[in-house]
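Shown next, in structure tokens, is the structure this report addresses.
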Amino acid sequence: MTDILARLGLRPVINASGTMTVIGASSARPEAIAAAAEILPRFVEIDALQRAASRAIARACGAEAGFVTASTAAAMTLAVAGAMTGLDRAAIARLPDSAGLKNRVALLAGHRISYGAPVEQAVRLAGAEIVPVGQATSAAEYELAAALDERTAAALYVVSHHAVQTGMIALPRFAEIARARGVPVIVDAAAEYDLTGFLQAGADLALYSAHKFLRAPTAGIVAGRRDLVRAAYLQNGGIGRGMKVGKEGIAGTIAALEAWARTDHEAERRRERRLLGLWQGALAGRAGVLAAIVADPTGNPVERLRVTLLPGEAATTAWDLTSFLAAGTPSIAVRAETLEHGCFELDPCNLDADEARLVAERLQAALDARPGPTPYAAWRSAREAEIWDIDEPSPETGR
Ligand SMILES: *Cc1c(COP(=O)(O)O)cnc(C)c1O
């Protein structure tokens, strides 16, 4: 038997980008793979499996209760729906028609992000509408207070490197203001390591992606207040049906949470720092190339290598270099959100030592090959034209 990627005609990818869902998010941990494989051929009562998940989530997150969803995007839709309907089964059946319900969700304007799809759309899918608070770069407490009224179902708070990191309202104050008005606070913490801090800071529900740092199969986690968890879970008999998580996702998430508690996180950090040092060494002495170790913008305990290519001094540009890395076999994916500033980042959390060495070699090969320079605007339109096209001619028929 050949490798599954070869059988399907796929290029292997080395992930130096972190937990990006477009390339498979993370390398699942052995405990999660074993649990998913063990439960897949079996039959279980899903509600009972979710009760076991609730206990595991409660322990890991310091929450009253929890359940597993298809993803964080699904968790957001279900959590908002639950905040609107409570346990009213008729209202649950009527969604996304939310007439007569509290159906507004307050969201800081600086949190109106896209994680691959707009955060607002996950909210609107439930039948709610977004009330933006403040401006893209600032929000005042009085603006939040004024946005919360008798029609407000929930206040959503997004913790993410995509969100604006300055001028926002800190979560403890955000939660205090919402709580004073009886409005539940839902925190999108999809890519965050801290499983307990957001609930401690006043969130009523915290949502996580199981397939990111936890390295479970694709799934989401809802953790928090029992009544809100229950109301969100009931949506599985309503709008949640099309967002169903499988038994393998639930069992894999439980196993990953248990493994997470046993993980030697300090040893992980030491391992990651060695990879960063290897890449930094590979770039040392290259003209116009700066390589600096940087902290995570939302305080996750992961460091990355920021590589900056100075215009006119470096052999190529950041966007030409990363295209060169992506075009090879294996393809190498990096964090590329800051390309227009002439830099990108390498994330060590999903690579083994052999893959990291290959990345170092390919970085050097790219600087030797001096690809480009392509103007940034031209590079960007070419890039946008090539994504989302899954329809290509069959190699056999040419059609
Ligand atoms: C990844 C991410 C999501 C989406 O998570 P999925 O589990 O892939 O649906 C939502 N919000 C933020 C901040 C994310 O980073």
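Summary of computed values
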| item | result |
| --- | --- |
| Distance between modelled label sites at residue 369 and residue 129, nm, 7 Å Cα→Cβ extension | 5.1 nm |
| Neighbourhood net charge (12 Å Cβ-Cβ; Lys/Arg +1, Asp/Glu -1) for residue 276 | +3 |
| Whole-Hz couplings from phi, Karplus 6.51/-1.76/1.60, listed for the range 52-58; x for Gly and Pro | 5, 4, 4, 5, 5, 5, 4 |
| Three principal axis lengths of the chain [C-alpha, angstrom, descending] | 64, 54, 51 |
| Estimated distance in nm for a label pair at residue 90 and residue 266, the labels positioned 7 Å out from Cα along Cα-to-Cβ | 6.0 nm |
| Integer Hz, Karplus 6.51/-1.76/1.60 couplings in order for the range 128-140, x for Gly and Pro | 9, 10, 8, 10, x, 10, x, 10, 4, 10, 7, 8, 9 |
| Packing-based order for 341-352, 249-260, using average beta carbon neighbours within 10 Å, highest first | 249-260, 341-352 |
| Extended-chain gain in nm, criterion 0.36 nm per residue less alpha-carbon gap, residue 170 and residue 331 | 54.1 nm |
| Volume in Å³ per residue [convex hull over Cα atoms, computed for the range 265-387] | 108 Å³ |
| For the range 25-262, size of Cβ-based charge dipole, Lys and Arg +1, Asp and Glu -1, in debye | 400 debye |
| Cross-link partners of residue 212 among lysines (Cα-Cα below 22 Å; sequence separation of 8 or more within a chain) | 244, 247 |
| Karplus-derived HN-Hα couplings along the range 239-247 (A = 6.51, B = -1.76, C = 1.60, θ = phi - 60°), whole Hz, x at Gly and Pro | 5, x, 4, x, 10, 5, 8, x, 4 |
| Unit charges at the beta carbon, dipole of the range 25-262: most positive-side option, 172, 182, 90 | 90 |
| Which of 244, 212 has the fewest Cβ neighbours within 10 Å, and the rest in rising order | 244, 212 |
| For the range 25-262, with +1 on Lys and Arg beta carbons and -1 on Asp and Glu, the positive-most of 136, 75, 101 along the dipole | 75 |
| Most mobile listed residue (304, 241, 181) in the chain, GNM with C-alpha springs under 10 Å | 241 |
| For the chain, size of Cβ-based charge dipole, Lys and Arg +1, Asp and Glu -1, in debye | 660 debye |
| Among 48-58, 62-72, the order from most to least packed when residues are scored by Cβ within 10 Å on average | 62-72, 48-58 |
| Whole-Å semi-axes of the ellipsoid equivalent to the range 25-262 (Cα gyration tensor, √5λ, descending) | 29, 20, 15 |
| Theoretical ellipticity at 222 nm over the chain - DSSP helices of four or more residues, -39500 (n - 2.57) apiece, nearest 500 | -12000 deg cm²/dmol |
| Set of aspartates and glutamates with alpha-carbon distance to residue 102 below 15 Å, sequence-local pairs under 8 removed | 88, 129, 149, 150 |
| Under-5 Å amide H pairs with residue 131, H placed in peptide plane, nonlocal only | 105, 106, 107 |
| GNM flexibility winner over the chain from 312, 240, 167 (Cα, springs under 10 Å) | 312 |
| Nearest-0.05 FRET efficiency for residue 290 and residue 241, computed from C-beta distance (R0 51 Å) | 0.50 |
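Every read-out reported here was derived from the displayed coordinates using simple, explicitly stated rules and does not represent laboratory data. Since this is a predicted model, take the numbers as computed values, not measurements. FYI the Cβ positions are ideal-geometry reconstructions off the backbone, even for glycines, and counts take in every protein chain you see.
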